[in-house]
Amino acid sequence: MADVRPPAPGSVLVSDWHRCKESKEFFNKILHKKMRKNFGLLESPVMPPQVAVDTVHYKIFISGKSGVGKTALAARLAGLSIPNLHYETTGIETSVVYWPVKLKDSGRVLFFRLQLWDCGENALRRFDHLLPSCKEQVDAVLFLFSFTDRTSFDDLSNQIAKWMVPPVSPVVKLVVGTKFDLFMHCDVAERDVKLFQERWRLPLLRVGGEVGDGLGDIAPVLNCLAEQLWHQDCVTAGSAGIHTQETETLL
Ligand SMILES: Nc1nc2c(ncn2[C@@H]2O[C@H](COP(=O)(O)OP(=O)(O)OP(=O)(O)O)[C@@H](O)[C@H]2O)c(=O)[nH]1
Ligand SMILES: [Mg+2]
């Protein structure tokens with residue numbers, strides 16, 4: 001099946017829902033003393049029984065050359081601090097991020113459970129068995145480049161093209177430019193980013209800087225990812241009303 005075209009931003013989910021008062025009771029479940037709660041593999045947010053919320057599960061692979069900021073992005077999305085030094089990831093590390101969203105059409109609230117797969121680029125090259133397990137049943141790929149490393153940007157097309165070859169089943173593709181805070185060392189011109197976007201027509205987000213204690217800096221990435229994933233599932237299921245993960249409903 002061909003890849004699903006990304007929906008227009010804000011057309012599937014309520015944008016900036018984390019800023020609405022009514023979302024507080026849901027976002028409070030992923031926070032503890034204003035910091036992000038860390039969820040182990042078997043843990044999940046618990047809502048009171050009268051507020052039953054379904055959880056939908058996805059596997060996300062973070063791709064990009066060594067030092068581009070894959071581990072840092074996984075930490076940022078999970079609300080953890082980012083190590084200042086580059087410690088090469090020696091294998092696969094997974095982390096779980098929960099993110100509540102509100103569907104625009106039905107007003108239904110869902111928890112997205114995103115399992116992030118971060119694999120060190122040098123480990124991927126060294127051990128042939130790692131990439132197949134990262135790719136297995138993956139729902140989305142985040143293609144990373146660094147604004148301070150031109151070669152990481154130039155290599156993007158190559159990376160994306162590899163995921164376009166059939167029989168790869170449809171996966172959501174998102175491009176993330178890291179180290180946007182290091183503008184003094186910026187090596188990728190805005191003009192080139194525009195040309196890239198015109199060619200690939202993929203959502204492109206920019207991240208950088210210290211991890212803030214609010215949700216504001218990660219909300220654009222997580223909302224964009226959740227929106228694409230939900231849309232892809234609806235299109236794959238053949239009808240916006242029938243969702244493939246309906247059977248996993250947790251009541
Ligand atoms: N200023 C700034 N530094 C960043 C950012 N993202 C990552 N870094 C730094 O870049 C370095 C490398 O980041 P990592 O996340 O470890 O790189 P990686 O892609 O996981 O690399 P491998 O595990 O070797 O494949 C670290 O020193 C981070 O602190 C960012 O957005 N801004
Ligand atoms: Mg790493």
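Since every read-out is calculated from the coordinates, none of them should be taken as a lab result. Keep in mind that this is a model prediction, so the values were computed, not measured. As a convention, Cβ positions derive from the backbone with ideal geometry for all residues, glycine included, and neighbour counts pool all protein chains shown.
Length, then width, then depth: along the principal axes, the Cα atoms of the chain run 52, 43, 37 Å. A simple count of charges around Ala123, restricted to other residues whose Cβ falls under 12 Å of its Cβ and scoring Lys, Arg +1 and Asp, Glu -1, yields -2. Inter-label distance, Cys186 to Glu43: 3.8 nm, where each label sits 7 Å from its Cα along the C-beta direction. Positive-end ranking of Cys20, Thr178, Ile218 along the dipole of the chain, with charges on Cβ about the Cα centre, is headed by Cys20.
Placing unit charges on the Cβ atoms only, positive for Lys and Arg and negative for Asp and Glu, gives segment 110-221 a dipole magnitude near 400 debye about its Cα centre. Helix 219-237 axis versus longest C-alpha principal axis of the chain: approximately 70°, rounded to the nearest ten.
Considering only Leu42, Leu131, Leu80, the Gaussian network model of the chain with Cα springs below 10 Å gives its largest mean-square fluctuation to Leu42. Set the Cα radius of gyration of segment 188-241 against 2.2 N^0.38 Å, with N its number of residues, and you get 1.49.
Each part gets one Cα centre, and for segment 1-33 versus segment 108-141 those centres are 22 Å apart. Taking Cα centre as origin and charging only the Cβ of basic (Lys, Arg, +1) and acidic (Asp, Glu, -1) residues, the dipole magnitude of the chain rounds to 300 debye.
Would segment 1-103 count as rounded, prolate or oblate if I go by the C-alpha gyration tensor, calling it rounded below 1.5 in a/c and otherwise prolate when a/b exceeds b/c, oblate otherwise? Oblate, since a/c reaches 1.5 and b/c is not below a/b.
By the beta-carbon count within 10 Å of each Cβ, the least crowded to most crowded order of Met47, Met184, Met164, fewest first, is Met184, Met164, Met47. Compute the Cα gyration tensor for segment 103-193, then decide on rounded, prolate or oblate, letting a ≥ b ≥ c be the square roots of its eigenvalues: rounded whenever a/c is under 1.5, prolate when a/b is larger than b/c in the other cases, and oblate in all that remain. It is oblate, given that a/c is not under 1.5 and a/b is not larger than b/c.
Here segment 14-57 is assigned +1 on the Cβ of each Lys and Arg and -1 on the Cβ of each Asp and Glu. Its dipole about the Cα centre then comes out at about 320 debye.
Among the chymotrypsin sites (Phe, Trp or Tyr not before Pro) within segment 18-124, those in coil by DSSP and having at most 14 neighbouring Cβ atoms inside 10 Å are Tyr87. Gyration tensor over the Cα atoms of segment 25-171: the corresponding equivalent ellipsoid has semi-axes (square roots of 5 times the eigenvalues, largest first) of 30, 19, 14 Å. First check a/c for segment 43-117, with a ≥ b ≥ c the square roots of the eigenvalues of its C-alpha gyration tensor; if it is under 1.5, answer rounded, and if not, answer prolate when a/b is larger than b/c or oblate otherwise. Prolate is the answer for segment 43-117, as a/c is 1.5 or above and a/b outweighs b/c.
For segment 72-176, the residue among Cys134, Asn84, Phe112 whose Cα projects farthest onto the positive side of the dipole built from Cβ charges is Phe112.
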